[in-house]
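Heads up: the structure comes next, in structure tokens.
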Amino acid sequence: MIANVKSSGMTVAEYLPWEAEQPIKHEYIDGKVYAMAGSTLPHNDIALNLYSLLRSHIRGKGCRVNVSDVKVKVSEQGPYFYPDVVVSCDERDRRAIEAIHYPRLIVEVLSPSTGAFDYGQKFQFYRQIPTFEEYVLIDATQIRIDRYTKNAAGKWELTAYPENEEDLAACQLELTSLDFRCALELIYEDVELKGDTNLGIE
């Protein structure tokens, strides 16, 4: 969630120690650092719901899952981003200290101020990472999820959820990069959405 430019002309070598001392998180793009705005409760709840589901699923499989306090490094020159959820199954990331370098799955929970950036430029940056296979964007104001997967030809394909709005309670999100499937209602569990939209959860 990029709020405003705080500095310019900063190198990666300057950014990393500087950012580690800041009271709030900052993302880094092309020599500029951007303060991260606070998230809403629905945003936070969605990220934690999915984190909990994935953590249970990948236990013992040589993968790690992290939430928004962990940076992803696109390249040695940056950018550095804070995705809402990231999963790496690369042995090199099991020893990582400053950032995840080799993500397989990245999830962004959308906010009105950053949604266009998450779909556009940020996705372009993420696609530069060779190990990156799946990108999920989750709406925090309504029940809507877009999932992009990289096929065998290296092309990205979109699947939108729910596929059948007449039967929301039966809809499931599939993450092929992790052989994972779960009901949408579990991702949106205890999340207050705008309007009357719900999954029929009692």
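How many of the residues making up region 92-102 are open to solvent by less than 40 Å² (accessible area, probe 1.4 Å) and not in a loop (DSSP other than H, G, I, E, B)?
Matching residues across region 92-102 total 3.
Quick one: Y135 ticks every box in (1) at pLDDT 95 or above; (2) farther than 15 Å from F81 by Cβ except a single one, so which number is it?
Going through (1) at pLDDT 95 or above; (2) farther than 15 Å from F81 by Cβ one by one, Y135 breaks only (2).
Among the residues of region 30-70, how many are under 23 Å from E192 (Cα atoms), free of Cβ contacts under 8 Å to residues at least 40 places away in the same chain and among the aliphatic types (A, V, I, L, M)?
Total meeting the criteria: 2.
Restricting attention to region 183-202, does a residue exist that is β-branched (V, I, T), surrounded by fewer than 15 Cβ atoms within 10 Å (Cβ to Cβ) and either at pLDDT 95 or above or touching an Asp or Glu at 6+ places or on another chain (Cβ under 6 Å) (or both)?
Looking through region 183-202, at least one residue is β-branched (V, I, T), surrounded by fewer than 15 Cβ atoms within 10 Å (Cβ to Cβ) and either at pLDDT 95 or above or touching an Asp or Glu at 6+ places or on another chain (Cβ under 6 Å) (or both).
Could you list, ordered by first residue, the pairs with Cβ atoms under 9 Å in which the first is in region 143-171 and farther than 20 Å from V109 by Cβ and the second is open to solvent by 70 Å² or more (accessible area, probe 1.4 Å) and modelled with pLDDT under 95, at least 6 apart or interchain?
Going by the 9 Å Cβ cut-off, the qualifying pairs are A169/I201; A170/N164.
I'd like the full set of residues that are open to solvent by less than 40 Å² (accessible area, probe 1.4 Å), out of contact with any Asp or Glu (no Cβ under 7 Å at 6 or more places or on another chain) and in contact (Cβ under 8 Å) with a residue 12 or more places away in the chain, limited to region 116-134.
Matches in region 116-134: K122, F123, F125, Y126, I129, F132, E134.
What's the total number of residues in region 94-111 that are free of Cβ contacts under 8 Å to residues at least 24 places away in the same chain and more than 16 Å from D69 (Cα to Cα)?
Looking only at that region, the number is 1.
In region 40-91, how many are part of a strand (DSSP E or B), buried (at least 20 other Cβ atoms within 10 Å of the Cβ) and not β-branched (V, I, T)?
Pass one, region 40-91, residues part of a strand (DSSP E or B): 64-67, 71-73, 80-81, 85-88.
Next, from what is left, pick out any that are buried (at least 20 other Cβ atoms within 10 Å of the Cβ): 65-66, 71-73, 80-81, 85-88.
Applying the additional criterion that residues be not β-branched (V, I, T) yields 66, 71, 73, 80-81, 88.
Number satisfying all stated conditions: 6.
The values are calculated or read from the model by the stated rules, or taken from the named source; none is laboratory data. No experiment lies behind these values; they were computed from the predicted model shown. Cβ sites come from the backbone with ideal geometry, for glycine too, and all protein chains shown count toward neighbours. The area values use the complete protein model at the heavy-atom level, side chains included, leaving out ligands, DNA and RNA. Shrake-Rupley method; radii C 1.70, N 1.55, O 1.52, S 1.80 Å.
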